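Working notes for the structure below.
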Amino acid sequence: MSSLAAKTVSAVLFAATALGAGQLHAQETVATYLSRIKAIDKAGPKINAIIALNPDAAKAEAAAKAVTGPLAGKVILVKDNVETADPMPTTAGSLLLKDNFAGRDAPFMLGLRAAGVVVLGKTNLSEWANMRSSQSSSGWSAVGGQTRNPHALDRSPCGSSSGSGAAIAAGLAWGAIGSETDGSITCPSSLNGIVGFKPTVGMITRTHVVPISHSQDTVGPMTTSVKDAALMLTAMAGSDPADAATAEADAHKTDFAAGLAAASLKGVRLGVLRKAVGNNPKVIALFDKALADLKAAGAVLVDIDYSPPAEMGRDEYTVLLYELRTDLAAYLQSVPASSFKGMPPARTLADAIAFNKAHPEELKWFGQDEFEEGEAMTDTAVYKKARVNSLRLAGADGIDKLLADNRVSFLIAPTSPPAWAIDLVTGDHSIDVGMGSLAAIAGYPHLTVPMGAVEGLPMGLSFMGTKWDDKRVLEAGAAYERARTVPVPKPSLKRWGE
């Protein structure tokens with residue numbers, strides 16, 4: 001490396017560690033972010049969060065100068081299972097879709113563009129949104145390789161929105177789009193020390209997003225503040241005739257950022273999911289500090305003794321397997337034949353399985369047992385029964401009952417455990433912390449806000465509410481964000497412990 005290049009990397013690394021991601025955005029220019037990506041993502045610590053860059057970003061930035069409003073000129077990254085009209089493929093991390101230049105925007109992208117947002121590029125992800133193998137390493141894809149956590153380079157960024165989480169933590173864009181089926185926005189946000197919001201399923205359209213499950217899939221914002229997440233949600237929300245789940249979205253769409261600065265926790269009853277904390281003393285101590293801050297802000301804390309029934313997760317898995325087969329086939333059938341250069345068009349899950357078998361680089365680190373189980377899950381009656389039961393247990397008899405029986409407005413818990421070591425050989429290994437599956441299966445809103453760190457590894461605090469209660473959940477999170485007294489860690493851009 002030349003001395004000039006070394007000085008450039010050193011300056012960028014200093015900015016990341018000294019200022020933190022949230023303070024880097026005074027220079028919200030495409031050129032600034034590209035410089036940081038070059039120094040941090042592609043060289044230096046090599047976070048590997050970016051899977052593709054938009055060659056038209058500078059042109060879009062110039063056009064954004066004509067737009068007014070809080071999002072005008074804001075530079076974002078988009079998870080690479082979301083289609084954009086920019087000249088970048090949408091791969092879901094798979095070599096099968098490496099030439100998937102569909103040339104169309106997911107409809108919610110139109111709202112962001114109208115608000116003046118600039119798309120800088122696509123982020124890496126757990127391949128196929130982490131629904132291929134039960135032994136996967138979060139943040140790995142055949143197209144993008146392994147994403148690393150900027151707080152500890154040898155630790156997991158979680159997934160499947162791993163690149164979005166790592167990129168925002170490292171200050172590689174102002175905000176990012178993630179997607180979630182169960183934990184794929186909230187977990188990487190928690191482990192990377194940023195804000196992540198999974199909205200009510202149906203608040204934002206899923207059209208032109210590579211799917212797992214129409215019952216549980218949603219996209220959502222990943223940012224450095226609750227306000228920024230709310231601003232993005234305002235531009236993204238809305239009904240889409242092509243997505244039946246969004247039929248009520250227009251009725252619930254609002255200015256989600258309005259009133260956040262005045263939101264208060266005074267007198268707000270919060271249900272504390274004690275069994276979601278786990279038994280690690282340092283995790284318990286950090287959570288207790290968050291509870292103390294909430295109490296000092298006027299919240300009333302109500303301990304709730306609850307464990308999700310095992311059949312809820314069992315039936316959720318049945319639903320995801322069945323819908324993976326049907327929903328992925330529907331998506332693949334919409335992909336232009338020109339996107340499958342040099343091979344027959346893939347139109348089914350079975351085609352994707354066959355492709356992986358024929359390309360050993362796809363199966364280098366782990367297999368595709370979940371793909372194979374999904375292909376075999378064809379019993380519609382079993383699927384329908386599982387969906388009804390899992391939805392009831394998570395929704396009406398889960399979150400809704402817990403809120404009503406305990407007279408609380410929201411449920412809170414640690415979002416996820418501290419980041420575990422990356423292990424491509426044997427896959428993810430983590431301790432049991434969090435209860436976000438409740439909100440994921442029910443389709444209810446779930447916000448995670450940084451609450452501090454354990455041994456330098458970030459953790460988030462979850463706020464979960466009932467269906468369409470997105471604005472109030474954001475208000476609660478914003479009030480906690482202001483009340484928090486525990487320092488939020490800055491990315492070290494080093495291996496853990498160094």
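The values are calculated or read from the model by the stated rules, or taken from the named source; none is laboratory data. These numbers were taken from a predicted model, which means no experiment stands behind them. Cβ sites come from the backbone with ideal geometry, for glycine too, and all protein chains shown count toward neighbours.
When you go through 300, 319, 335 one by one, which is the residue that is of a type in the set (A, V, I, L, M) and either in contact with a strand residue (DSSP E or B) (Cβ under 9 Å, 6 or more places away or on another chain) or modelled with pLDDT under 95 (or both)?
So the residue among 300, 319, 335 that is of a type in the set (A, V, I, L, M) and either in contact with a strand residue (DSSP E or B) (Cβ under 9 Å, 6 or more places away or on another chain) or modelled with pLDDT under 95 (or both) is 300.
When only residues in the range 301-313 that are among the hydrophobic types (A, V, I, L, M, F, W, C) and in contact (Cβ under 8 Å) with a residue 60 or more places away in the chain count, which is surrounded by the fewest Cβ atoms within 10 Å (Cβ to Cβ)?
This residue is 302.
Test residue 241 against the criterion of being at pLDDT 95 or above, closer than 19 Å to residue 450 by Cα and not charged (D, E, K, R), and give yes or no.
No.
How many residues are part of a loop (DSSP other than H, G, I, E, B) and surrounded by fewer than 24 Cβ atoms within 10 Å (Cβ to Cβ) when one looks only at the range 217-241?
Going through the range 217-241 one residue at a time, the tally reaches 6.
Quick check, is residue 450 in contact with an Asp or Glu (Cβ under 9 Å, 6 or more places away or on another chain) and either assigned to a strand (DSSP E or B) or among the basic types (Lys, Arg) (or both)?
Answer is yes for this residue.
Looking only at the range 37-51, which residues are touching a residue at least 60 places away in the same chain (Cβ under 8 Å) and either buried (at least 20 other Cβ atoms within 10 Å of the Cβ) or touching a helix residue (DSSP H, G or I) at 6+ places or on another chain (Cβ under 7 Å) (or both)?
Answer for the range 37-51, where residues must be touching a residue at least 60 places away in the same chain (Cβ under 8 Å) and either buried (at least 20 other Cβ atoms within 10 Å of the Cβ) or touching a helix residue (DSSP H, G or I) at 6+ places or on another chain (Cβ under 7 Å) (or both): 37, 40, 41, 44, 45, 47, 48, 49, 50, 51.
Search the range 339-360 for residues being crowded, with 17+ Cβ neighbours inside 10 Å and not aliphatic (A, V, I, L, M), and hand back the single one that is nearest to residue 424 (Cα to Cα).
356
What's the number of the condition residue 490 fails, among (1) in a loop (DSSP other than H, G, I, E, B); (2) farther than 17 Å from residue 225 by Cβ; (3) not small (Gly, Ala, Ser)?
(2)
Taking residue 118 as the residue in question, decide whether it is in contact with a strand residue (DSSP E or B) (Cβ under 7 Å, 6 or more places away or on another chain), buried (at least 20 other Cβ atoms within 10 Å of the Cβ) and farther than 19 Å from residue 205 by Cα.
yes
Would you check which residues across the range 250-274 are surrounded by fewer than 16 Cβ atoms within 10 Å (Cβ to Cβ), among the basic types (Lys, Arg) and within 25 Å of the chain's Cα centre (by Cα) and list them?
274
If I filter the range 314-333 down to residues being closer than 30 Å to residue 101 by Cα and among the aromatic types (Phe, Trp, Tyr), which single residue comes out as surrounded by the fewest Cβ atoms within 10 Å (Cβ to Cβ)?
Residue satisfying both the conditions and the ranking: 331.
So, residue 177, is that one crowded, with 24+ Cβ neighbours inside 10 Å, modelled with pLDDT of 95 or more, closer than 23 Å to residue 100 by Cβ and among the hydrophobic types (A, V, I, L, M, F, W, C) or not?
Yes, satisfied.
With respect to residue 363, is the statement that it is surrounded by fewer than 19 Cβ atoms within 10 Å (Cβ to Cβ), of a type in the set (A, V, I, L, M) and more than 20 Å from residue 477 (Cα to Cα) true?
yes
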